[in-house]
Structure formats: structure tokens, C-alpha cells
1. Between Glu320 and Asp579, 0.36 nm times their residue separation minus their Cα-Cα distance comes to what?
2. Under a cut-off of 22 Å between alpha-carbon atoms, report the lysines in cross-link reach of Lys572, not counting same-chain residues fewer than 8 places apart.
3. At 7 Å along the Cα-to-beta-carbon direction for both Glu552 and Lys692, put a label point, then send me their distance in nm to one decimal.
4. How high is the FRET efficiency between Lys664 and Asp732 when r is their beta carbon distance and R₀ equals 25 Å, given to the nearest 0.05?
5. Rank Gln697, Ile736, Thr640 by how far each Cα sits towards the positive end of the charge dipole of the range 629-753 (+1 on Lys, Arg Cβ; -1 on Asp, Glu Cβ) and give me just the farthest.
6. Remind me, relative contact order of the range 603-681 in percent, using alpha carbon pairs under 8 angstrom and six or more residues apart?
7. Kindly provide the chymotrypsin sites (Phe, Trp or Tyr not before Pro) of the range 504-568 that DSSP labels as loop, not H, G, I, E or B, and whose Cβ sees at most 14 other Cβ atoms within 10 Å.
8. Using the Cα centre of the chain as origin and beta-carbon charges of +1 (Lys, Arg) and -1 (Asp, Glu), tell me which of Asn589, Leu58, Ser510 is placed farthest towards the positive end of the dipole.
Amino acid sequence: MSVKLSRRSFLKVSGTATAGLSVAAAMPEKFLSWAETGQEELQQIPTFCELCFWNCGLIAKVQNGKVVKVDGNPLSERGRGRLCGRGNAALGSLYDPDRLKYPMINTGKRGEPKWKRASWDEALGLIAQKLQAIKEKCGPEAVALFSHGTGGAFWKHLLKAYGSGNYTAPSFAQCRGPRDVGFSLTFGDEVGSPEYYDFSKSRFIVLIGSHLGENAHNSQVQDFVLGLDRGAKLCVVDPRLSNAAAKADYWLPIRPATDMALLLAWINVIVNEGLYDADYLQSYATGLPELKTAVQEYTPEWAEKETDIPAATIYTVARELAANKPNVIVSGGRFSAWYGDDAQRSRAIAIINALLGTWGRPGGIYLPAKGSVPEYPGIPAYPEHRADLPTLDAPYPFAFSQTTTTIREVTISEGCATGPSASKQTTTSIRQATAEGAPHQMHGWLVYGCNLLKTMPDRNETIKAIQNLDLIVAIDILPNDIINWADVVLPECTYLERFDMLSTGKFRDSFEISIRQPAVEPMWESKPSWWITKELAKIMGLESYFPWKDGEDYLRTRCQTGNLNYDELKKKGILSLNDKVNPYITETNQPEFPTPSGKIELYSTQLAEKGFDPVPKYTKHPQPPTGFLRLLYGRSPLHTFSRTTNNFMLTDLVPANSLMINKKTALMLGLTNGQEVRLENQAGFKSPGKVKVHFSQRLREDCVYMAHGFGVHSKGMTRADNKGIGDEEMLDKYTIDPLMGGTSMRSNFVKIVKGI
Ligand SMILES: Nc1nc2c(c(=O)[nH]1)N[C@H]1C(S)=C(S)[C@@H](COP(=O)(O)OP(=O)(O)OC[C@H]3O[C@@H](n4cnc5c(=O)[nH]c(N)nc54)[C@H](O)[C@@H]3O)O[C@H]1N2
Ligand SMILES: Nc1nc2c(c(=O)[nH]1)N[C@H]1C(S)=C(S)[C@@H](COP(=O)(O)OP(=O)(O)OC[C@H]3O[C@@H](n4cnc5c(=O)[nH]c(N)nc54)[C@H](O)[C@@H]3O)O[C@H]1N2
Ligand code: SF4
Ligand SMILES: [Mo]
């Protein structure tokens, strides 16, 4: 199966971020008219968005103490004066009546909470007392932090000051970790966030399982659209005709889980036909002969059988791609935790980029601007960690941080790592260590901005771990699923009400610093993280680590230390520095590849030394058993996971997810379009929620598709509770990437259950 599509104007077509922009651009009109009739002069406060992690600069329009509208900040490279549909719905987040309003202590059971409203003193006092008790019993390393979002940096600082280095995030092992590790093993560096993809100058773009446009990272979508508008060719590899695929020159509806076969076949064609950039490889890469030998078995004819993509198409795309080198991108996407061999799949993508010489070339992967902001001066050194403790990430030698599932696993294990036996485990796996009876157990979790029940695989394991804890604290803005499992809930104020950590971005033409500052006072008793962590530190005797007077003093001092004009930053929202910009390789601008060889490693000695495949190999992954369909999922352009599924401006537009199904399959199953169904997974688990079936020609017959983030189960989320189904609810089995601990999140097989 393969389809060649004609080009249509991308800009005119709906369903992408541009659609989000137009929908949302109409939305705030009513707020504007309030503004026009208001008494007070409109104030304009520059800050940045937190409705996803792109952190676009925005200007909050404030009148009579209320935010009445938000607009994109034209100075922000992340948005260039625009906000996506979600960003425009800021008021739906700020003025959500369901928000967490006061600190709360659970006097009932975990999972069946009975909430007692608490003062900040009481809530923080209780947390400090429990953290102290854990430290005395098992050492500070028995406390872990899960965090996602800008304010998490203050929590990480607190955790390190307390004495633990065990911080983690689903955005590593359940998101972009495999991509970052795969690229780092090859180039010695990541593609960054925001990614260094130079889409606007590309001549050929390949997207593999990445649906830009529905994935609405603002300026990235703008660059992508610009590139296409300037004539870039597009190939989209996706079992579903995503909105990007609908504009592609080549849509390759691949059999899910076989992408590695396609990538290896492309490498095979490029090396066998000598289509690579020979001078570039000569200067910067090692391992071409070994690569060539290793991929001989992976011919396009072989790959056709695995992938369902005709060998002829595989040849054509490889040749056309190579003809446009080096101004091409084979995108590593972002969400890459798919099938458990994802760091290797990402390495195969990195290798193709290397062969075509894209790193450091226009329209490829640019060399990012350099820059940094110094840390706050005079902070004491963090306490030393005990040398005799087992290294939690030892089983995954290429992990950049602890992984969520490792932390969970050691939380479930019994006992503390004390005494001489603990030192034996430095190189053994956590499971082995547990079996030997001297694990390094976790007793406390701090959960900042992570909805772990929906974002880690295997909800039951997460619950088992939570039940084993002495303390679990959730720092959130909404009563999301995770709140119901917390002992203490701390209400953070929203991004429009707080000073926060600086956000920095390394772009092609600038190093950018963005400030978050309050547009309005925090509502109810919610507080910013800089305040919560400082107060907690005071009670715990760690105040020397938090010498700043307040959030603004923290930011001002860091800027002053780096000779950056804080007043200008505050006024404009953005400082854009372009003194260290040099995006492309020239004779005088040579790239550095911080791998062990100092070169791009087509053959990885690091991997070979640790017993892994030095060149990626193909592994067959399970396909749906008879009677089951593969559940594909992705992003709704108008939602960010479960962060926005309660936002009243967005639920008006997209209240729940639906189940896209191929019409032929649907008719065979006797379904009618729009019918409500449940899903059942291989373990016989039936979804508590329902979805409407949506007939479509836009995906393979062996798959169904829905957007992630729905299927929230929390009564306090009045608009999101029990709306739709969460893909994570349907995940039965998953495997772990042996290189870096990423989990396979795309192994969901489901049956459709009618009649309920
Ligand atoms: N099955 C499955 N699993 C996935 C994914 C998937 O598609 N399917 N996606 C993966 C990906 S790509 C990622 S990045 C991760 C994300 O995983 P997480 O990091 O766990 O998820 P988020 O949705 O970012 O976090 C949501 C929580 O942050 C809270 N929140 C929102 N704003 C704020 C704020 O300003 N302050 C505080 N303190 N809290 C706030 C929300 O109310 C919510 O409880 O999940 C991964 N896991
Ligand atoms: N609107 C919006 N934008 C977002 C986010 C959001 O929540 N909402 N989240 C942001 C975050 S944190 C991330 S990580 C990114 C994620 O965005 P992307 O990196 O673009 O990844 P996904 O959303 O996982 O991509 C889903 C696509 O992969 C396809 N797919 C599924 N299985 C396979 C397969 O086996 N092979 C291939 N080739 N394709 C497959 C699906 O059909 C779907 O079209 O989006 C970011 N942007
Ligand atoms: S891409 Fe949209 S949601 Fe994300 S930060 Fe930008 S405006 Fe906000
Ligand atoms: Mo992500």
C-alpha cells in the first residue's frame, strides 16, 4: 500500500495549528468587548504560556484585576506573535472553577480520599515532618521527584538540597528520551527542545510517526508550513492519514511497529547506491564500512514484506531524498517511546541524517545559538550522596536520568538500602537487587505537574507503588487523577499568576530568554512554586539554599549575574541574544561531535562495549491477534494531554475523543457511524468510559485511532471526568528499552465492545 498525493496549499487546510489559531482567534472577541467597556486602562503584561512545553511568549491584557485576553508576543521566537488554539484558551485555565484552591490533607484512604482543608503552615509542616522521618529512617535518597513544567526546577533544587538526586519525568522515558539518546549516541548531541529542525529551509522533509499540525508546537508548525510553502517535498510515514500526511507528496501507511525495517532499507539503498554525502562523512563520521556490511540483509524487497510499503516506493523516496541532500530532514519526531527498541530506531533515523549530511546544514538540523543564564550566586553545594547505594539507573546505561518505572519498581520493593549489603548492587539490576534482599527503596514521592496515572504505563503498578509510600505530595493546579492518590495536595497558582523559572531556547538565529511574571494575583490560596519550596525549605532548615527574597529577586539576581538587562526582560517579556549564532557548517565554523571518537558514530563503539548492537538491527514486534485492532493515538490539536481536557474554552470545541476506524472494518464489525462503544484489551479489561465511532478512509484497516488525554477519572474535574477513553487505560503489556529505560507505549491491542 502506498499513496502518491498531489500538493495542495497547506495554509488553507484546516485541522492544523493554523486551524487552532483561527478557531481561537475568534474566541476572545467577547473578552475584548468587556475590555473596551471597562473602567481601567488595559495593562499589558508579557509572560509565557504553560499550556504546553513550547512556552510561547504571550501578552496578557489585564483590566480591573482580570485577564481579559491573551495575545502572542511578536518578540517570541517560539510563537512569533501567534498562539495556538490551546494558548488562546488561557482564560479557561485561569478561571476554571474546578481549580485547586487550598492546601488539602487526605484523612481517608489513598484512592478514596477524604479531604480536610489545611492552612499552608499545617500542610507544609506535615510534609516537612514526614520528609525528615524518611531521611532518618532510610536516607534522603528514598525520596523521588516526578516533575514536568517550568516550576519543577524549584522542586528539583529543593530535592537536591534535601539530599536526593532521584528526579524523573514521564517526558523522558515515556516521551522523547529514546530520540534524545539515539541522536546523542550518533552525534554526541540531542536535537534539543525546541528542536533544531530547520524546516523552513528544507527541500525534503520526512516525518515518521510525527503528526506536525496536530502536534501543535507553535513555531515548529509555522516553520514546517513555511518550508512546504517554499516547495519542500514531504513524505509522511504513518498508518493514519494525519493532517500532515494529507498534504504529503508521499504517504506511506506503514504497518505499525515495523518502522525500523523501512529505515534500515533506506540506509541499505543509500549506502549501496553511494547516495550519501561522501565528503561530509569523510570529514565527520566513522563506521561507514561496518554500517554497510550490517545493513546488507535489509533490502527494500525484504522491507516490503514487513512494512506493507512497496519496494519501489522505498527506492524512490530514498533516491529523491538523497537527491535533495543535504537540505533535508528525516525528523526524529518527539514522542518516541513506541516499541521498546526506540533508542535504536532513533539511531537509525540519526544515521540517515548523518549519511545525507544534514547536521549543521541549511534545511537540515541547525547548530543552535549558544547561550546560558548563570545560576543564582552563592548557593551552598548540595549534600554528597552515599557512595555505597546501588545506582538506580545502572540497568539502563544510556539513560540521562532516573526513569519513572525504575523509581516505581524500587518503591514497590521491600526494605531500605542500609548496611554493607547495599554496596554490592552498584552494577546489578534493580530486580536482581530486590531479589537479593537489599533494595534501595523509595518512601516518598513529590509529584509536580505530572498526572502519573495517565502518563506512565500500567496504572495498577503505579497504584501498588503509591500504596507502599510513607508520603506522596501532589503539586498541581487541578484535581486531576493523581490528586486522588495524594496524602497532601498543594495548589500551585497558574502560569498567569506567578513568577517562575526562566525559560531559555536555543534557536537558529537567537538565544532567547523568556520571563514568566504574574498578570494577576493568585486566586484563592494558591501559591507559586518559588514560594512553596522556599517556605518548605525554611521549615526543614534548608533556607541557606533559598536566599532569594522572592520570585522576582531570584530572576533579577540571576540576570544581573549574567549581565542581562532584567528591566528590559520584564518590560518586553523576551531577551533575544544573537551574538553567538552560527547555524551552518562553514570552513571557519566547524561542528563538534562529543562522542567518544569525536566523530559522528555510524557504528557505535559505546554500544558495542556494553553488549548492544553497534548498528541498529530489526526486531519483530507483536502484531494484533485475531479479532483485535491496534490502538493508535496522538495529539488533539486543541488539547494538551489531560492538562486541558477540563478547560471550558476547549471543551466547548472538543469535549471528548472519538474512535477513528476504517469504514470497511467498521462495517464488517456491524458498527454505525457515531455509535458509542467501549474498548476491551487483551487482558479482558473493559474501558470505563465510552467513545463515539468515527468512520474514516484515513487509516489502515487493522488500526483504530484516538487522541490522548481523555478518560480522566476524577470527580473534581467536572468537564473532563469520564469523558472518552484514555489510550493508557488500554495498554496491557509493555517492554523496556534496554539502552535507556524507555517504555513501549504503542503496544495496545483492542476489541470494540458494542451494546453498552
Ligand atoms: N499512554 C500514553 N502515555 C503517555 C503519552 C501518551 O500519548 N499516551 N504521552 C507521553 C508524553 S509525550 C509526555 S510528554 C508525558 C507527559 O506526562 P506528564 O508529565 O505526567 O503529564 P502532563 O499532562 O504534562 O501533566 C499533567 C499534570 O500537570 C498539571 N498541571 C498543569 N499545569 C500546571 C501548573 O502550572 N503547575 C502544576 N504544578 N501542575 C500543572 C495538570 O493538572 C496535570 O495533573 O506523558 C507520556 N505518557
Ligand atoms: N496539540 C498538542 N500538541 C502537542 C502536544 C499535545 O498534547 N497537544 N504534546 C506535545 C508533546 S509533549 C509531544 S511529545 C509531541 C508528540 O507529537 P509527535 O512527536 O508528533 O508524536 P505523536 O503524537 O505520538 O504522533 C502520533 C502519530 O503517530 C502515528 N503512529 C502510531 N503508531 C505508529 C507507528 O507504528 N509507526 C508510525 N510511523 N506512525 C505511527 C499515529 O497514527 C499519529 O498520527 O506533541 C507535542 N505537541
Ligand atoms: S504551542 Fe500553544 S499551548 Fe504550547 S506554549 Fe505555544 S501557545 Fe501555549
Ligand atoms: Mo511529550
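Computed from the coordinates by the stated procedures, all read-outs in this text should not be read as laboratory data. The structure displayed is predicted, hence computed values, not measured ones. Glycine gets a Cβ as well: all are built from the backbone with ideal geometry, and neighbour counts include every protein chain shown.
1. 89.6 nm
2. Within the straight-line limit of under 22 Å, Lys572 reaches these lysines: Lys61, Lys66, Lys69, Lys370, Lys506, Lys580.
3. 4.8 nm
4. Plugging the Cβ-Cβ distance into 1/(1 + (r/R0)^6) gives 0.45.
5. With unit charges placed on the Cβ atoms, the residue in question is Gln697.
6. Over the range 603-681, the number comes to 11 percent.
7. Answer by residue number: Trp524.
8. Selected residue: Leu58.
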